[in-house]
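Report on one structure; see the data block that follows.
The values are calculated or read from the model by the stated rules, or taken from the named source; none is laboratory data. All values reported here derive from a predicted model rather than from experimental measurement. Ideal geometry is used to build each Cβ from the backbone, glycine not excepted, and the neighbour counts take in all protein chains shown. Note: accessible area is taken over every heavy atom of the protein model, side chains too, but ligands, DNA and RNA are not part of it. Shrake-Rupley method; radii C 1.70, N 1.55, O 1.52, S 1.80 Å.
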Amino acid sequence: MASAGGAGFGGLADLEAAAGRKANPAAWAYVQGGAGDESSLRANRRAFDRWTLRPRALADIAVIDPTTSLLGTSVTAPFYVAPTAYHGELDRAGEVGTARAAAAAGVLAMFSTLSTRSLEEIGAAVPRGPRWFQIYLQPDFRATRRLVERAEAAGFGALVLTVDLPVLANRDRQAEGGFAFDGTTPMGNGPDLVLPPRGPVRDGLLFRIPGAEAYTWRVLDDLRSITRLPVVVKGILTDEDARRSVDCGARAVVVSNHGGRQLDGAPAGLDVLPEVVAEVGSRAEVYLDGGVRRGRDILIALGLGARAVGLGRPILWGLAAGGEAGVSRVIELLRMELATVMALSGRARVDAIDRTLVAAAPSTE
Ligand SMILES: Cc1cc2nc3c(=O)[nH]c(=O)nc-3n(C[C@H](O)[C@H](O)[C@H](O)COP(=O)(O)O)c2cc1C
């Protein structure tokens, strides 16, 4: 395997392969799989091929600056660690390893409600690292409130409310791989948190979600009334919901189909990014995740108006392959690739990556 420094891995594909060899098969099925027939998972990668880049020549690229800010927080790159559950299934250090790697690189990291390490442990490990806390609404809003209070006390800078998981999807690959939410994975934020298997149970001709409150957009008001932190809404796939989020006070939205893990048949986030940017881009920051694997992908998303992109599985590949050093390697790979494609396209600064950089690819049909 080619060695390029860091944890001693070559490209991201090498890291993915190394992670697949090291991770236990059930955890690997959980990481890699999507919902149903995985059409939305595949769509995430394909979406990038519908765009080409329009490079500009002789644009003074002597200094390439990939830094930016996200809701006022300075970061060294326009990409961030997307929130993913159960890092402890892949490496003993769990989220603490991920947090250290992200903080050392100066990139933003979002941590899941379903972390294996507590938000206090993460906060203590990286007191100055830019970090946001992802919220899964708990059936009882008082439990959500306790999480919010803990996130504030532990120095998290924003709340990311994930709205695309009212119930867990049918995840065939995960189920076939034998990964079960059976309570054996440590829940860093407390054993009382509701686990995702919550799903419809039959009630006559209807189905009910046991113990669930009927949450509507009003929950954003409830959330904002109990925190001074900015609220980000994650899992938006329509301009209507983007507008609704911002009307309800969200400072940013994440256009995402949850890595193809929730509604199979949902579009790739990239396919709806332009309409969301057109709808709310002047009032809120717009982020994109799903299938981002290359510097090119970052350029396309930023060219279409995203302020930053999230990395889900790639970070987990780094963690599984090489722990904290593996995550550092993934971040460094992406950063180098981004600098290279910024240079090749004649965009030396992030704010020079605009709509004139991207064009629809010629149809191949
Ligand atoms: C194993 C795994 C666990 C995830 N857990 C969460 C989670 O706890 N909360 C959340 O909001 N999103 C979760 N996601 C979705 C990611 O935040 C992100 O939307 C997605 O992974 C991006 O796609 P990518 O994996 O192709 O980069 C998870 C994704 C994966 C792969």
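Overview of results
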item	result
First in the range 23-48 and open to solvent by 20 Å² or more (accessible area, probe 1.4 Å) and more than 11 Å from the ligand (Cβ to nearest atom), second anywhere and modelled with pLDDT under 95 and assigned to a helix (DSSP H, G or I), Cβ under 9 Å, 6 or more apart	Asn24/Glu89; Ala26/Glu89; Ala26/Gln174; Gly36/Asp172; Asp37/Asp172; Glu38/Asp172; Glu38/Arg173
Matching residues in the range 344-365 - criterion: being of a type in the set (Ser, Thr, Tyr) and within 19 Å of Arg46 (Cα to Cα)	Ser363, Thr364
Every residue from the range 51-69 that is of a type in the set (S, T, N, Q), in a strand (DSSP E or B) and farther than 15 Å from Ile300 by Cα	Thr68, Ser69
Any hit, the range 326-339, residues being away from the ligand (no atom under 16 Å from the Cβ), open to solvent by less than 10 Å² (accessible area, probe 1.4 Å) and at negative phi	no
Breaking point among (1) assigned to a strand (DSSP E or B); (2) touching an Asp or Glu at 6+ places or on another chain (Cβ under 6 Å); (3) not aliphatic (A, V, I, L, M), for Lys234	(2)
Identity of the residue in the range 77-101, away from the ligand (no atom under 14 Å from the Cβ) and of a type outside the set (Lys, Arg), that ends up farthest from Ile298 (Cα to Cα)	Ala93
Failed condition for Ser363, given (1) on the phi < 0 side of the Ramachandran plot; (2) touching a residue at least 12 places away in the same chain (Cβ under 8 Å)	(2)
Test: residue in the range 117-128 that is open to solvent by less than 70 Å² (accessible area, probe 1.4 Å), of a type in the set (Lys, Arg), modelled with pLDDT of 95 or more and out of contact with any strand residue (DSSP E or B) (no Cβ under 7 Å at 6 or more places or on another chain)	yes
Any chance Asp289 is within 15 Å of the ligand (Cβ to nearest atom) and either under 14 Å from the mean Cα position of the chain (by Cα) or over 22 Å from Glu149 (Cα atoms) (or both)	yes
Considering residues of the range 205-237 that are open to solvent by 10 Å² or more (accessible area, probe 1.4 Å) and touching a helix residue (DSSP H, G or I) at 6+ places or on another chain (Cβ under 7 Å) only, the residue nearest to the ligand (Cβ to nearest atom)	Gly235
Any pair with Cβ under 6 angstrom, 6 or more apart, that starts in the range 258-272 at a residue that is over 25 Å from Ala360 (Cβ atoms) and ends at one that is open to solvent by 30 Å² or more (accessible area, probe 1.4 Å) and of a type in the set (S, T, N, Q)	Asp264/Ser39
Residue in the range 49-75 that is nearest to the ligand (Cβ to nearest atom), counting only those that are in contact with a Gly (Cβ under 7 Å, 6 or more places away or on another chain) and among the aliphatic types (A, V, I, L, M)	Val75
Any hit, the range 240-252, residues being closer than 29 Å to Gly97 by Cβ and within 15 Å of the chain's Cα centre (by Cα)	yes
Failed condition for Val194, given (1) open to solvent by less than 70 Å² (accessible area, probe 1.4 Å); (2) among the hydrophobic types (A, V, I, L, M, F, W, C); (3) at pLDDT 85 or above	(3)
Leu344 vs. criteria closer than 28 Å to Ala35 by Cβ and open to solvent by 50 Å² or more (accessible area, probe 1.4 Å)	no
